[in-house]
Each structure stands twice: as structure tokens, then as C-alpha cells.
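Below you'll find the structure, written out as C-alpha cells, and then a few comments.
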Amino acid sequence: MAHDGLGQCLSNRGHLDEAIDHFQMALNIAPGYREIETNLMLALAKKGRTDEAIAANALDRRFCEARAECGVVEPRELGKRGGA
């Protein structure tokens, strides 16, 4: 996805506000795309927008918890990823 790729390039160069805009545009096109959500979360965290980063990560945590319930990952791994 072009917006995600551009967002990654901008984030790597320290242009976090522009990167966040592109990640959000990418999610408007492909809602729920986990890699883009993660990229957005990381850019928000780098920018110091912790509450927004946590909110962006909420879906990722729910996904990990569901996988743990199915036995796909060990529950102890959730703590490493910020899960409950």
C-alpha cells in the first residue's frame, strides 16, 4: 500500500506528523490492516502521543489475547507485547 510505504519512509526520516497522516490515510483505505495499525502505533509513540498509541494498539492486544486463548501463543508472551 503506497500510503503505508510512504509513512514508513517519513517515519524513518523523523517526519512523524506526515508519517502519521499517511498511516491514517492507509487505514481509511484498508481498515483493520494490522501492519499499518502497528506502524501508526509506533509513529504515535515516537511522537510522544502515548494515549493515542495505546488506543491504536488495543486491536493488536485483543488479537494476541484471542490467539492465546486458542493456544496459538503462550499467555506469558502477551506481557512482552503489552497484553494483559
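The values are calculated or read from the model by the stated rules, or taken from the named source; none is laboratory data. Please read these numbers as outputs of a predicted model, since none were measured by experiment. For neighbour counting, all protein chains shown are included, and Cβ atoms are generated from backbone atoms with ideal geometry for every residue, glycine included.
A few points about this structure:
- The residue list L40, L27, L16, L44 contains one member that is touching a helix residue (DSSP H, G or I) at 6+ places or on another chain (Cβ under 9 Å), at pLDDT 95 or above, buried (at least 19 other Cβ atoms within 10 Å of the Cβ) and not small (G, A, S), which is L16.
- Looking only at residues in the range 47-57 that are small (G, A, S) and surrounded by 12 or more Cβ atoms within 10 Å (Cβ to Cβ), the one that is modelled with the lowest pLDDT is A56.
- Filter result (over 12 Å from the mean Cα position of the chain (by Cα), part of a helix (DSSP H, G or I) and either of a type in the set (D, E, K, R) or closer than 16 Å to A56 by Cβ (or both)) within the range 9-25: S11, L16, D17, E18, A19, D21, H22, M25
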